[in-house]
């Protein structure tokens, strides 16, 4: 769904829209989205979707393991 957005800049907004409408928006959705977007979109995507993640406390490490060091630094506060 996110990949269908023609302007990459708008992909994080689409991810947020999806996240707000999926009852059990879990880490798996975020990991899947990270695989589909360009590197420069990953931090904005995380910023918009991590607060919506229903299982972040239990599975945040699974998301973090797929991030670069810089992405972890930039999103660290969202994992708390």
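The values are calculated or read from the model by the stated rules, or taken from the named source; none is laboratory data. No experiment lies behind these values; they were computed from the predicted model shown. Ideal geometry is used to build each Cβ from the backbone, glycine not excepted, and the neighbour counts take in all protein chains shown.
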Residue, modelled with the highest pLDDT, within the stretch 2-21, restricted to residues that are surrounded by fewer than 12 Cβ atoms within 10 Å (Cβ to Cβ) and in a loop (DSSP other than H, G, I, E, B): 7
Listing of helices (runs of 4 or more DSSP H) fully contained in the stretch 27-80 that carry 3 or more residues being modelled with pLDDT of 95 or more and exposed (fewer than 14 other Cβ atoms within 10 Å of the Cβ): 56-64, 69-75
